[in-house]
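The block underneath contains the structure these notes are about, expressed in structure tokens.
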Amino acid sequence: MLEIKDLHKSFGKKEVLHGISLNVNDGEITGFIGHNGAGKTTTLKIVAGILEPSSGEVFVNKMSMKQEPVECKKIMAYLPDNPDLYDYLKGIEYLNFIADIYEVNKEDRLNRIESLAKELEIYYVLGDEIRSYSHGMKQKVAVISAFLHEPKLLLLDEPFVGLDPKASFILKNKMKELCSKGSSILFSSHVLEVVENLCDSIAIIKEGNLVKQSKTEDILKTGQTLEDLFLELEK
């Protein structure tokens, strides 16, 4: 579903990505981990089409992000670590706006919004303006918007930050459910236990270099925890 080939990115004279290459297979969840400033968010933004790479290629469902950006974006969703919503829209107006962009039909959008909003316990405040929401409530609206069109590729940057334990549990189940339908997920997180328990494969980035990508089961077979491996590679 996702193929990243020899991705480089520089800001001025500073190169922050040094030839990243990784794959996310159909129906799989891949955890993307690394220290602060390692290049996780930059990589995700390039895959999402928000940043231009200095060189390298991104392919989504075998389509080139460089050659077919709109077609790629139609089948993906990106949830940043601190989503900026339109504060003066009501929650339901914002979700309908997102559904319009992705051309989700009326019946599907109503069903998905109602189901997700009730599970996340914000259904009865969707008529309020987003500016009145807490940080956690805004995060829940952003989560709903990311799942609305059932993307084939879902990109998440620290998605559990700001969510209460119940909402985090629901999000993890929704991620698994989406992948059971053949979609793929690439997400970053500092919560290694969640990555270890949730992901089919794990990619570790250090100072702009991909230092390891492996199946989670292969990592655990060695007797190491993900924390052990991460700390060892970070030395």
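The values are calculated or read from the model by the stated rules, or taken from the named source; none is laboratory data. Just so we're clear, the structure is a prediction, and the values are computed from it rather than from any experiment. Note that each Cβ is placed from the backbone with ideal geometry, even for glycine, and that neighbours are counted across all protein chains shown.
If you take the residues of the range 164-193 that are among the hydrophobic types (A, V, I, L, M, F, W, C) and modelled with pLDDT under 90, which of them is surrounded by the most Cβ atoms within 10 Å (Cβ to Cβ)? Spell out how you get there, then give the answer.
Filtering the range 164-193 down to residues among the hydrophobic types (A, V, I, L, M, F, W, C) leaves 167, 169-171, 175, 178-179, 185-187, 191-192.
Now narrow it down to the ones that are modelled with pLDDT under 90: 191-192.
Details: Val191: 15, Leu192: 18.
Applying the filter and picking the extreme gives Leu192.
Does at least one position in the range 32-40 carry a residue that is out of contact with any Phe, Trp or Tyr (no Cβ under 6 Å at 6 or more places or on another chain), in contact (Cβ under 8 Å) with a residue 60 or more places away in the chain, buried (at least 16 other Cβ atoms within 10 Å of the Cβ) and of a type outside the set (A, V, I, L, M, F, W, C)?
yes
Looking at the range 165-189 only, could you name the residues that are under 21 Å from Met76 (Cβ atoms) and polar (S, T, N, Q)? Full working, then the answer.
Applying the first criterion (under 21 Å from Met76 (Cβ atoms)) to the range 165-189 yields 171-189.
Across the range 165-189, the qualifying residues are Asn173, Ser180, Ser183, Ser184, Ser188, Ser189.
Name every residue in the range 202-218 that is out of contact with any His (no Cβ under 9 Å at 6 or more places or on another chain) and surrounded by fewer than 21 Cβ atoms within 10 Å (Cβ to Cβ), in order of residue number.
Once the filter is applied, which keeps residues that are out of contact with any His (no Cβ under 9 Å at 6 or more places or on another chain) and surrounded by fewer than 21 Cβ atoms within 10 Å (Cβ to Cβ), the range 202-218 yields Val211, Lys212, Gln213, Ser214, Lys215, Thr216, Glu217, Asp218.
Considering each of Ser54, Ser64, Ser145 in turn, give the residue that is of a type in the set (S, T, N, Q) and without any contact (Cβ under 8 Å) to a residue 24 or more places away in the chain. Give the steps one after another, and end with the answer.
Working: Ser54 fails: without any contact (Cβ under 8 Å) to a residue 24 or more places away in the chain; Ser145 fails: without any contact (Cβ under 8 Å) to a residue 24 or more places away in the chain.
Exactly one of Ser54, Ser64, Ser145 is of a type in the set (S, T, N, Q) and without any contact (Cβ under 8 Å) to a residue 24 or more places away in the chain, namely Ser64.
I need a count of the residues in the range 98-133 that are in a helix (DSSP H, G or I), buried (at least 16 other Cβ atoms within 10 Å of the Cβ) and not hydroxyl-bearing (Ser, Thr, Tyr). Walk me through it before giving the result.
Step one: filter the range 98-133 for residues in a helix (DSSP H, G or I), giving 98-101, 106-119, 123-125, 130-132.
So of that shortlist, the ones also buried (at least 16 other Cβ atoms within 10 Å of the Cβ) come out as 98-99, 109, 112-113, 116-117, 119, 123, 125, 130.
Subset that is not hydroxyl-bearing (Ser, Thr, Tyr): 98-99, 109, 112-113, 116-117, 119, 125, 130.
Residues that pass the stated criteria total 10.
Residue under question is Leu95, and the condition is that it be modelled with pLDDT of 95 or more and surrounded by 16 or more Cβ atoms within 10 Å (Cβ to Cβ); does it hold?
On the way: modelled with pLDDT of 95 or more: yes; surrounded by 16 or more Cβ atoms within 10 Å (Cβ to Cβ): yes.
Yes.
Can Val104 be described as without any contact (Cβ under 8 Å) to a residue 60 or more places away in the chain, of a type in the set (A, V, I, L, M) and closer than 28 Å to Gly19 by Cα? So that I can check it myself, show each step before the final result.
Details: without any contact (Cβ under 8 Å) to a residue 60 or more places away in the chain: yes; of a type in the set (A, V, I, L, M): yes; closer than 28 Å to Gly19 by Cα: no.
No.
Take Val70 and tell me if it is in a helix (DSSP H, G or I), among the β-branched types (Val, Ile, Thr) and exposed (fewer than 12 other Cβ atoms within 10 Å of the Cβ). I'd like the intermediate steps shown before the answer.
Values: in a helix (DSSP H, G or I): yes; among the β-branched types (Val, Ile, Thr): yes; exposed (fewer than 12 other Cβ atoms within 10 Å of the Cβ): yes.
When the stated conditions are applied, Val70 passes them.
Considering the range 73-97 alone, what residues qualify as being assigned to a loop (DSSP other than H, G, I, E, B) and under 19 Å from the mean Cα position of the chain (by Cα)?
Residues of the range 73-97 that are assigned to a loop (DSSP other than H, G, I, E, B), as a first pass: 75, 80-89.
If the condition is that a residue be assigned to a loop (DSSP other than H, G, I, E, B) and under 19 Å from the mean Cα position of the chain (by Cα), then Ile75, Pro80, Asp81, Asn82, Pro83, Asp84, Leu85 are the ones that fit.
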